[in-house]
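**Q** Starting off with a structure, shown below.
Just so it is clear, none of the values below were taken in a lab; they were calculated from the coordinates. As the structure is a computational prediction, the values presented were derived from the model and not from experiment. No Cβ is skipped: glycine too gets one built from the backbone with ideal geometry, and neighbour counts run over all protein chains shown.
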Amino acid sequence: MSNKPTYKQQLTKYLLKQLGNPNPSEKHTEFAEKLLLRTAVNRQLTFNTKLTDSEICCLYWAAQGYSAGHTALVMGTKHSTVESYRKEIKRKLKCNTIAQAVYEGICFGYVPTK
């Protein structure tokens, strides 16, 4: 059996270092792993709705800072259609604002980050 740390262990140690703990103990690492796992499981359980291709496209342009009107021009659709997409995106992602939806979209991988 190899002593090479698993990807999960490497990621956990990296995150702890980024949070200011340059040499995390085994207890810190175990706690962080459990916390990350619990967060990931909770997020998966609360997110069970898929966005359509048009909604993903609309969310992408919102993430770029485009207004609904500008998004409509880019997508070649009506302003009211984009507003409907945005409303449905917020409903599906359980958000009150399009900014919150963009954040959730990034978390779920709908919106690529640089």
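**Q** Rounded to whole Hz and in sequence order, give me ³J(HN,Hα) for the range 82-98 from the Karplus expression 6.51 cos²θ - 1.76 cosθ + 1.60, θ = phi - 60°, writing x for Gly and Pro.
**A** Per residue, the Karplus-derived 3J(HN,Hα) values read 5, 4, 5, 4, 4, 4, 5, 4, 4, 5, 5, 8, 6, 10, 9, 10, 5 Hz.
**Q** While we're looking at this one, here's another question. Gain in length, Ser80 to Ser67, computed as 0.36 nm per residue apart minus the alpha-carbon separation, to one decimal in nm?
**A** Roughly 3.5 nm would be gained on extension.
**Q** I need the calculated FRET efficiency for the pair Gln10 and Tyr103, taking r as the beta carbon distance and R₀ as 25 Å, to the nearest 0.05.
**A** The calculated FRET efficiency here is 0.45.
**Q** Show me the ranking of peptides 52-64, 88-100 by mean Cβ neighbours inside 10 Å, starting with the highest.
**A** 52-64, 88-100
**Q** Through the Karplus equation 6.51 cos²θ - 1.76 cosθ + 1.60, θ set to phi - 60°, convert the phi angles of the range 73-79 into ³J(HN,Hα) values in whole Hz; use x for Gly and Pro.
**A** 4, 5, 7, x, 9, 7, 4
**Q** Okay, next question. Would you calculate the separation in nanometres between label points at Lys27 and Asp53, each defined as 7 Å from the Cα along the Cα-to-beta-carbon direction?
**A** 5.4
**Q** Here's another thing I want to ask about it. Counting only residues 5 or more places away or on other chains, whose amide H sits under 5 Å from the amide H of Val111 once H atoms are built in the peptide plane?
**A** Excluding prolines and chain starts, which carry no amide H, the hits are Ile106.
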